[in-house]
Structures are given as C-alpha cells and as structure tokens.
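Reviewing the structure listed below.
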Amino acid sequence: MSKLVDARGLSCPQPVIKTLNAIKTADTSEIVVLVDTDTAKENVIRAAKSESWDEIDIKEEDGAYRITIRK
Amino acid sequence: MKNVLATRRGIICVGAVIGILAILLQYFGNPVNMGVCVACFLRDTTGALGLHRAPVVQYVRPEIIGFVLGSFVAAIVFKEFRPRTGSAPIIRFVLGAFAMIGALIFLGCPWRALQRLAGGDFNAILGLIGLFVGIWIGTLFLKNGYNLGVTQKTRSSVGWVFTIIMIGLLILVLLNPQIEGESQSGVLFYSIEGPGSMHAPFIISIVFGLIIGFLAQRSRFCTMGAIRDLILFRHMHLFLGIAGLFIAALIMNLILNQFNPGFANQPIAHTMHIWNFGGMVLAGLAFTLAGGCPGRQLFLSGEGDGDAAIFVVGMIAGAAFAHNFGLASSGAGATTAGIIALFIGLIVCLAIGFTMRERV
C-alpha cells in the first residue's frame, strides 16, 4: 500500500511541502508523488533524499512524472 | 539525462557566473552596484516605453530581453517548454505591482541587494534583513495552506506570447536605436543623465543576458527561493546559488577596486534604514506569495509559464505607478507617497495571504 500525493499543476514550493507533509504523516514505507514540471521533480527528489527516503523511482506518463519514494 | 546545473556544484557555479557577469556589466557601463537588477531594469524598460516619464530611468535593458530569450532557448533545447496558465493571474498581477513598488522604495530587487552589499553599500543589509522578514512572513502563510491554486496546461501560444513580446521589444530597439545626446529615438525614450543613461554596450548586455537566462533556467536559480527554502525546509540548495553570486561579486569588486564600504553617499541608494527595510519586507512577501523572485519570474515566463508572465506585467505596471505617483525613492530617500503605498501593499499582501488558503 502506498500513499499518493498529487502535486500536478502546483508550483514550487507546494510539491515539496506536500511531499514532506506526506513523509511526516506516513504510515506506509512508500509514497507516490505526481508532478508535471522538471523543477518540481528535482525538488521533490532532493527533499525526499534529505529525509532519507532515498530509494527513488521515476516514471514519465502523459506529460507528468510519477515519482515513487521509499524509506 | 542528468541536469548538472541543478546539482549543488551547478547552482554554486551559476550563482558565481551571474556575480561575475554582473560586475563585468557594471565595468562595461551599467550603473554602480546595478550590473544586473531585475526590478530596476524592468523599471528602466517601462520608462523607455513611455509608460512612466521619469527622465533619468528610461532605457530598454537588453539584459531583460536576454533573460527571457535565454530561458526560452534552454527550455526548448532540454524539452522543458510547458505552456501553462490559470493559477490566479490577477492576484499575481497585483503581487507583481506591489513587489515592484517595495523594491523601488529600497532601490533594488534581491539581485541588486546582493550586489550593493558586495560593493560595500551597507544600506543593503537593512534591505536584506527586510527581504528575510518578508519571506519569513510568506512562509507562515505557506505553512498554513496558502497557495494560488492549480495551473492548467494550455495551448502553445500562451507559452510563446511573452517570448514574442520580448522579440518585439528587441525589434523596437533595433528600429529605434539610441541617438547620442537625444532623449528620444522614434517611439522609445532614452535617458541622457542618471542611471538610465549608464549602460554597457547593447551587444554585451544582450549576450550576458542570454547566458544568465539560459543558466538560470537550467539551475532554477531564485533569490527568493534561496531564503524561503532555508526558512521553510532548512534546505541550503538555492541559498548556495545566492552565496555564489555574492562572493563572486565581492571578489570581482575587490579586484576591480570597486569596493567602497559605508552607509553614506552610496550610488543610487538612500540611508533611511526603516524604509530600506520596509520596502524589502513588502517585496519579499510579494515574491514569496507569487513563488519566485523577479528574475525567476522572467525565466519561468520564458519556459511558457503564463502566470509568471502576468507577474512580470504586474511589475511593469508597478514601475509605472511608482514613478507616475512619486512612490519610488531616490538618493534623497523615501517619499511620503511611497510610505503610504508601502502600507497599502502590506495590507493587500496580507489579505491575499489570509484569503488564498486551502484548509489543511
């Protein structure tokens, strides 16, 4: 079971805020973050790594990125 | 493909390159401690178009055109061009206008604040503290669910329009070039004295602008984001960029013997500490609520963000109001009208912060 954060269409710092909130309240070891700009993708990855959720998998699907982060 | 400019080392290098190019632009003729100032340059461009008539600040700054076109090229080359708009454009317009008014009370945007300090102008310390406080207030709103809503993917024309406007401006300059000693050339105004009359040669300005636009788009360089991320997340990444800018500019100034420390008699600056501080509180808050410093808004405009473009148009309108209504400071200090506008701006920004909230 993974938690989903949909940050598509939101500009920075919203995707990072939402990702970090999800990490804080996570009861799962996997979070999926959807973003649609490269900047948001980089920022989310950087934020996840800083929280040691550093197993990261990125898939591109119809103009958006599906970033899976794990502890 | 890995984006090397968005790494830690990349952002430091981009900041340093901007610092070096800024000081070189000053060396080649731009005003002192104003090698690159996004707010000032938009204000000068606004004046050149006759939207305000302050004779000392009228010149189409090629750096601005370069910023947008450089970012546009980077976005196209690296397939990051994404036409989008619809995230509270009218709010962004208002934020842009008040950001400009705040910046012109201080006499510079965050970019210039860093260059002023690197040139020894200690009044910039008050401005930077104000910027910090403004951004801090903004982060309180961000923590409480403030955002401007979701943007929408849209048709290409929306993404292209700001770049095309810049190309139009470039054509206008080429058709109406500066005439030595004349305050007007065709439809464009040119300062014959004051900061607007000081500029590097056109070709240097535009080339340096293109380089900065390209690098900044790739690295996501943002002077407001630098401080915001530090306060909000304790993330140093973007802050390293502005640190790179400051240190490179400082070293360049020392090498070129341009470092003149002190508060009094600093170029295009005043010593009214409280209004240097207050102006930047307003600007910092407005930038934070809009999600980017004035430079970042130009780079986003180049990569197709129609909302950022509206913020820039707001800044242009703000510059026109600032000079038409006498809100902008001068070397003599802040004006009464400017101080009134500052408080109106703060009230408006706080109202936006409180009302544009999503329950969390």
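The values are calculated or read from the model by the stated rules, or taken from the named source; none is laboratory data. Quick caveat: nothing in here was measured; it's all calculated off a predicted structure. With ideal geometry, Cβ positions are generated from the backbone for all residues, glycine too; neighbour counts draw on all protein chains shown. For the accessible areas, the whole protein counts, side chains as well, though only heavy atoms, and no ligand, DNA or RNA atoms are used. Shrake-Rupley method; radii C 1.70, N 1.55, O 1.52, S 1.80 Å.
Brief remarks follow.
- At least 30 Å² of accessible area lost relative to the chain alone, listed for the range B:217-248 with a 1.4 Å probe: B:Arg220, B:Arg228, B:Phe233, B:His235, B:His237
- Taking only the C-alpha atoms of the range B:1-132, the Rg (one decimal) and the largest Cα-Cα distance, Dmax (whole number), read 16.4, 49 Å.
- Taking the Cα centre of the protein assembly as shown as origin and assigning +1 to Lys and Arg Cβ atoms and -1 to Asp and Glu Cβ atoms, the resulting dipole is close to 760 debye.
- GNM on chain B, alpha-carbon springs under 10 angstrom: the most fluctuating residue among B:Leu327, B:Leu245, B:Leu350 is B:Leu350.
- About the Cα centre, charge dipole magnitude for the range B:224-360 (Lys/Arg +1, Asp/Glu -1 at Cβ), debye: 260
- Beta bridges per DSSP, both residues in the range A:3-70: antiparallel share near 75 percent.
- Cα gyration tensor of the protein assembly as shown - equivalent ellipsoid semi-axes, whole Å, descending: 35, 22, 21
- Span-like helix check, chain B: qualifying full DSSP H segments, with Cα axial length of 18 Å or more and mean Kyte-Doolittle of -0.5 or more, are B:8-27, B:62-77, B:89-106, B:123-143, B:156-175, B:202-219, B:237-255, B:273-290, B:306-324, B:336-355.
- Trypsin sites (Lys or Arg not before Pro) within the range B:124-207: DSSP coil, no more than 15 neighbouring Cβ in 10 Å: B:Arg155
- Nearest-ten-degree value, helix A:14-24 long axis tilted from longest Cα axis of chain A: 10
- Placing unit charges on the Cβ atoms only, positive for Lys and Arg and negative for Asp and Glu, gives chain B a dipole magnitude near 1180 debye about its Cα centre.
- The residues B:Glu63, A:Glu61, sorted by heavy-atom accessible surface at 1.4 Å with ligands and nucleic acids left out, run A:Glu61, B:Glu63 from largest to smallest.
- With the charge dipole of chain A set up from +1 on Lys and Arg Cβ and -1 on Asp and Glu Cβ about the Cα centre, the Cα lying farthest toward the positive end among the listed residues A:Met1, A:Leu34, A:Asn21 is that of A:Asn21.
- Taking every DSSP helix (H) stretch of at least 4 residues in chain A, weighting each as -39,500 (n - 2.57) and dividing the sum by the residue count yields a mean residue ellipticity at 222 nm of -10500 deg cm²/dmol.
- Sparsely packed loop sites in the range B:9-71 (the chymotrypsin sites (Phe, Trp or Tyr not before Pro) outside DSSP H, G, I, E and B with at most 15 other Cβ atoms within 10 Å) comprise B:Phe28.
- For the range B:118-212, taking the reciprocal of the average inverse distance between every pair of different Cα atoms yields a Kirkwood hydrodynamic radius of 18.2 Å.
- Shielding by partners - mean other protein chain Cβ count within 10 Å, residues of B:146-153: 4
- One way to sum up the overall shape of the range B:74-172 is the equivalent ellipsoid from its Cα gyration tensor, whose semi-axes run 30, 21, 13 Å, largest first.
- Isolated cysteines of chain B, defined as having no other cysteine beta carbon under 4.7 Å away, are B:Cys13, B:Cys109, B:Cys222, B:Cys293, B:Cys349.
- Chain B, helix-only ellipticity at 222 nm - DSSP H runs n ≥ 4, -39,500 (n - 2.57), divided by all residues, nearest 500: -21000 deg cm²/dmol
- Restricting the trypsin sites (Lys or Arg not before Pro) of the range B:169-259 to loop positions (DSSP other than H, G, I, E, B) with no more than 11 neighbouring Cβ atoms within 10 Å leaves B:Arg234.
- 0 to 90° range, to nearest 10: angle between helix A:38-50 axis and chain A longest Cα axis: 10
- Amide H contacts of A:Glu30 (H built 1.01 Å from N, under 5 Å, at least 5 apart or other chain): A:Lys3
- The 3J(HN,Hα) values that the Karplus relation (6.51, -1.76, 1.60; θ = phi - 60°) gives for the range B:180-194 are, in residue order, 3, x, 9, 8, 8, 9, x, 8, 9, 9, 10, 5, 9, 8, x Hz. Gly and Pro appear as x.
- Of B:Ser156, B:Pro294, B:Leu49, farthest towards positive along the dipole that unit charges on Lys, Arg, Asp, Glu beta carbons give chain B: B:Ser156
- Taken over chain B, the ratio of Cα radius of gyration to 2.2 N^0.38 Å equals 0.90.
- Gaussian network model of chain B, springs between alpha carbon atoms under 10 Å - residue of B:Gly19, B:Gly149, B:Gly86 with greatest fluctuation: B:Gly149
- Taking every DSSP beta bridge that has both ends in the protein assembly as shown, the antiparallel portion is near 75%.
- Over the range B:228-360, all Cα pairs binned in 5 Å intervals from 0 give whole-percent P(r) values of 2, 8, 12, 16, 19, 19, 14, 7, 2, 1, 0, listed from short to long.
- The modelled label-to-label distance between B:Arg234 and B:Ile255, using points 7 Å beyond Cα along the C-beta direction, is 3.7 nm.
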